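**Student:** Before I ask anything, here is the structure I am working with.
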Amino acid sequence: MHRTAEIPDSAPPVLAEVVRSGFVEGRHRGSLVLLAADGSVELALGDVTAPVFPRSANKPMQAAGVLRAGLDLAGERLALAAASHSGEPFHLALVRTMLDEHGLSAGQLRCPPDLPLDPVEAETYLAAGGVRDRVVMNCSGKHTAMLAVCALREWPLDSYLDPGHPLQRLIHSGVEEAAGEPVAAVGTDGCGAPLAAISLTGLARAYRFFVRAAPGSPERRVADAMRAHPGHVAGTRRPDTWLMRDLPGTLSKMGAEAVQALALPDGRALAFKVQDGSARALGPVLARALTLLGVDAPVVERVGRAPVLGGGDEVGEIRAVF
């Protein structure tokens, strides 16, 4: 007997479709929340109160924790501490400079050896004979900052990624304060650092908290550094860079498994997660969310463009459907 699988009522809504030659060949489901300038929920799709792992969208909160612990970082160095950098030469050079400045070595980093996150940079790096390296890993700026503050405070270096380490406990409490809710679970991120699970609503609140924080506070210092130096947060070819560069005052950060968080300077904010973790849906969903928040700028169209190719030609698109 032939049976057709049914999608349960609890499944999150479709956020984007993959259209090839006029035929819908795939759909991406997920959950999304938009906050108004006053912090109230303007739109909620799916369950935006259930905990998720924000992955690298947690990095601003981790960088703020490093500042709270006493490390005096600013400018490009602070932006790199909150980065998922692309592995471009200027990223790698600054990581090595920061290690030297604090009397540290690349061998003390506990992030795994990796290739540049950006595919173009990875090809160039490999063609030049490069191999997987801890400094090249996209989280190396964060790990360098964590090691540096541990050296400053005379906290253990070998165990700086242990959830019970003084630095990680400080970061944990900062996440809860910014999100306005308890951390629901603690896991291990791809780089090895502790990872705090919060809701999408809490994640959007956290980004709003950062852009609305008092000048000089750790949160505002992180937000200001990221917005002033977006290329150090992401890289030359990344949407987070384009948005923070072209929409003044915007704080934007993606995370692995198709997570995105963003706040505008007036407090409007968003967060979403594509359920299947596909990054190809991030741009179209983000662009549509920004449009619903009232943002009208050429960079929104640039971020949202996601062509589908056939034989090297454009034959369709990935489009948001909410």
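The values are calculated or read from the model by the stated rules, or taken from the named source; none is laboratory data. The structure displayed is predicted, hence computed values, not measured ones. Note that each Cβ is placed from the backbone with ideal geometry, even for glycine, and that neighbours are counted across all protein chains shown. Just so you know, the surface numbers come from the protein's heavy atoms only, side chains and all, with ligands and any DNA or RNA stripped out. Shrake-Rupley method; radii C 1.70, N 1.55, O 1.52, S 1.80 Å.
**Student:** Would you confirm whether any residue within segment 19-31 is hydroxyl-bearing (Ser, Thr, Tyr), closer than 28 Å to residue 210 by Cβ and in contact with a helix residue (DSSP H, G or I) (Cβ under 7 Å, 6 or more places away or on another chain)?
**Tutor:** yes
**Student:** Continuing with this model, one more query. Between a first residue in segment 103-129 that is open to solvent by 60 Å² or more (accessible area, probe 1.4 Å) and a second residue that is modelled with pLDDT under 95 and part of a loop (DSSP other than H, G, I, E, B), which pairs have beta carbons less than 6 Å apart while being 6 or more apart in sequence or on different chains?
**Tutor:** No pair meets every condition.
**Student:** Here is a follow-up. Collect the residues in segment 224-258 that are farther than 12 Å from residue 63 by Cβ, of a type in the set (Lys, Arg) and in contact (Cβ under 8 Å) with a residue 60 or more places away in the chain, keeping them in residue-number order.
**Tutor:** 237, 238 - these are the residues of segment 224-258 that are farther than 12 Å from residue 63 by Cβ, of a type in the set (Lys, Arg) and in contact (Cβ under 8 Å) with a residue 60 or more places away in the chain.
**Student:** Still on this structure: If I go through segment 299-314 residue by residue, how many of them are out of contact with any Gly (no Cβ under 9 Å at 6 or more places or on another chain) and outside any loop (DSSP other than H, G, I, E, B)? Write out each step before concluding.
**Tutor:** Kept after step one, since they are out of contact with any Gly (no Cβ under 9 Å at 6 or more places or on another chain), are these residues of segment 299-314: 299-301, 311-314.
Applying the additional criterion that residues be outside any loop (DSSP other than H, G, I, E, B) yields 299-301, 313-314.
Total meeting the criteria: 5.
**Student:** Could you go through segment 57-65 and let me know if any residue there is of a type in the set (Lys, Arg) and open to solvent by less than 60 Å² (accessible area, probe 1.4 Å). Step through it out loud before you land on a result.
**Tutor:** At the first step, the residues of segment 57-65 found to be of a type in the set (Lys, Arg) are 59.
Right, trim to open to solvent by less than 60 Å² (accessible area, probe 1.4 Å) and you get 59.
Yes, some residue in segment 57-65 is of a type in the set (Lys, Arg) and open to solvent by less than 60 Å² (accessible area, probe 1.4 Å).
**Student:** Which condition number does residue 97 fail, the rest of (1) in a helix (DSSP H, G or I); (2) over 22 Å from residue 76 (Cα atoms); (3) not aliphatic (A, V, I, L, M) being met?
**Tutor:** Of (1) in a helix (DSSP H, G or I); (2) over 22 Å from residue 76 (Cα atoms); (3) not aliphatic (A, V, I, L, M), only one is false for residue 97: (2).
**Student:** Kindly provide the set of residues from segment 224-256 that are assigned to a strand (DSSP E or B), open to solvent by less than 20 Å² (accessible area, probe 1.4 Å) and among the aliphatic types (A, V, I, L, M), ordered by number.
**Tutor:** Here is the first cut: in segment 224-256, the ones assigned to a strand (DSSP E or B) are 251-255.
Now drop any that are not open to solvent by less than 20 Å² (accessible area, probe 1.4 Å), which leaves 251-253, 255.
Of everything in segment 224-256, just one residue is assigned to a strand (DSSP E or B), open to solvent by less than 20 Å² (accessible area, probe 1.4 Å) and among the aliphatic types (A, V, I, L, M), namely 251.
**Student:** Taking segment 208-223, which residues are without any contact (Cβ under 8 Å) to a residue 60 or more places away in the chain, open to solvent by 30 Å² or more (accessible area, probe 1.4 Å) and in a helix (DSSP H, G or I)? Spell out the reasoning first.
**Tutor:** Our first condition is that a residue be without any contact (Cβ under 8 Å) to a residue 60 or more places away in the chain; within segment 208-223, this holds for 209, 211-217, 220.
If we keep only those that are open to solvent by 30 Å² or more (accessible area, probe 1.4 Å) too, we end up with 209, 212, 214-216, 220.
Matches in segment 208-223: 209, 212, 220.
**Student:** Since residue 46 meets every condition but one in (1) at positive phi; (2) open to solvent by 50 Å² or more (accessible area, probe 1.4 Å), which condition does it not meet?
**Tutor:** (2)
**Student:** Residues in segment 201-208: is at least one at pLDDT 95 or above, among the polar types (S, T, N, Q) and closer than 29 Å to residue 163 by Cβ? Lay out the reasoning, then the answer.
**Tutor:** At the first step, the residues of segment 201-208 found to be at pLDDT 95 or above are 201-208.
From what's left, among the polar types (S, T, N, Q): 201.
Subset that is closer than 29 Å to residue 163 by Cβ: 201.
Taking every residue of segment 201-208 in turn, at least one turns out to be at pLDDT 95 or above, among the polar types (S, T, N, Q) and closer than 29 Å to residue 163 by Cβ.
**Student:** Can you tell me which residue in segment 1-43 is surrounded by the most Cβ atoms within 10 Å (Cβ to Cβ), limited to those that are small (Gly, Ala, Ser) and modelled with pLDDT under 95? Give the steps one after another, and end with the answer.
**Tutor:** From segment 1-43, those small (Gly, Ala, Ser) are 5, 10-11, 16, 21-22, 26, 30-31, 36-37, 39-40; that's our starting set.
Checking which are modelled with pLDDT under 95 leaves us with 5, 10-11.
Details: 5: 5, 10: 7, 11: 11.
Selected residue: 11.
**Student:** If you check 71, 80, which single one turns out to be assigned to a helix (DSSP H, G or I), farther than 23 Å from residue 287 by Cβ and either open to solvent by 10 Å² or more (accessible area, probe 1.4 Å) or at pLDDT 95 or above (or both)? Steps first, answer last, please.
**Tutor:** Details: 71 fails: assigned to a helix (DSSP H, G or I).
Residue meeting the stated conditions: 80.
**Student:** Is it fair to say residue 271 is open to solvent by less than 10 Å² (accessible area, probe 1.4 Å), part of a helix (DSSP H, G or I) and not hydroxyl-bearing (Ser, Thr, Tyr)? Working first, answer last.
**Tutor:** Numbers: open to solvent by less than 10 Å² (accessible area, probe 1.4 Å): yes; part of a helix (DSSP H, G or I): no; not hydroxyl-bearing (Ser, Thr, Tyr): yes.
Here the answer is no, as residue 271 does not meet what is asked.
**Student:** Would you mind finding the one in 169, 205 that is more than 29 Å from residue 103 (Cβ to Cβ) and not in a strand (DSSP E or B)? Explain how you work it out, then say what you get.
**Tutor:** On the way: 169 fails: more than 29 Å from residue 103 (Cβ to Cβ).
Of the residues listed, the single one that is more than 29 Å from residue 103 (Cβ to Cβ) and not in a strand (DSSP E or B) is 205.
**Student:** Further question: Is there any pair linking a residue in segment 259-275 that is on the phi < 0 side of the Ramachandran plot to one that is of a type in the set (Asp, Glu), with Cβ under 9 Å and at least six apart or on different chains, and which?
**Tutor:** 260/240; 262/240; 268/42; 273/257; 274/257
**Student:** OK, next. Identify, from the list 276, 296, the residue that is assigned to a loop (DSSP other than H, G, I, E, B) and either within 25 Å of residue 47 (Cβ to Cβ) or open to solvent by less than 30 Å² (accessible area, probe 1.4 Å) (or both). First the steps, then the outcome.
**Tutor:** Values: 296 fails: either within 25 Å of residue 47 (Cβ to Cβ) or open to solvent by less than 30 Å² (accessible area, probe 1.4 Å) (or both).
Only one candidate qualifies: 276.
**Student:** All but one of (1) closer than 25 Å to residue 19 by Cα; (2) small (Gly, Ala, Ser); (3) assigned to a loop (DSSP other than H, G, I, E, B) hold for residue 281; which doesn't?
**Tutor:** Failed condition: (3).
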